[in-house]
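What follows is one structure encoded as structure tokens, with my remarks underneath.
The values are calculated or read from the model by the stated rules, or taken from the named source; none is laboratory data. From a predicted model like this one, the values you see are computed outputs, not experimental measurements. Note that each Cβ is placed from the backbone with ideal geometry, even for glycine, and that neighbours are counted across all protein chains shown.
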Amino acid sequence: IPVDKLEINPENPYRAENMQIGVNDLIESFQIVGLLTPLTVKGPNEQGTYYVLAGNRRITAIKQMGDAFWDTRRADKDNKCVPCYVCDNNSMNADEEFLSMEHVNIIVRDQQTINIHRTSVVQRLIKMEQSGDLKSRELSKKASEILHLSDRWARVFIQVGKRAEDRIKSFYNDR
């Protein structure tokens, strides 16, 4: 997708104030090996742009590099297009967008931060269950798929999430 058609996702946990964290490392990585993991986007919208669900730091690095990015390996120099997975055409609701974004974060994050993302997924799934958007019997299966855990460990995360004290929840929310 052309780089100028990609918009940053303001709902991503790596918001603008945290966006620069890791961007310089990504720029260095792009210069050595190029972009290895495509962005995950939804769209196009009425304006023909795509909303980045996962890859805000990658697109930020690409845009900061400017023309230098197109000189890296695996870049579409002629069209200035960025490899993307298009997962939807704008019909996702906010919960589906959030879960899709966190699913990718769980796959690509290091072990120090992965449980923060898992906890946020569990909290969102529990909220969906409580609102009736997700059936109770589907909760652990959905959690297992998104968290990349066995059903048993997904149920453990769910039970901890349901029993967690407010101070534990706020600890994860502040990360």
> Of the residues Thr49, Thr37, which is in contact (Cβ under 8 Å) with a residue 60 or more places away in the chain, of a type outside the set (A, V, I, L, M), surrounded by fewer than 20 Cβ atoms within 10 Å (Cβ to Cβ) and in contact with a Gly (Cβ under 8 Å, 6 or more places away or on another chain)?
Replying inline: Thr37
> Of the residues in segment 30-63, how many are within 13 Å of Cys84 (Cα to Cα) and basic (Lys, Arg)?
Replying inline: 2
> Restricting attention to segment 98-123, and to residues there that are crowded, with 20+ Cβ neighbours inside 10 Å and of a type in the set (D, E, K, R), which single residue is modelled with the lowest pLDDT?
Replying inline: Glu102
> Which of the residues that make up segment 105-156 are touching a residue at least 60 places away in the same chain (Cβ under 8 Å) and of a type in the set (D, E, K, R)?
Replying inline: none
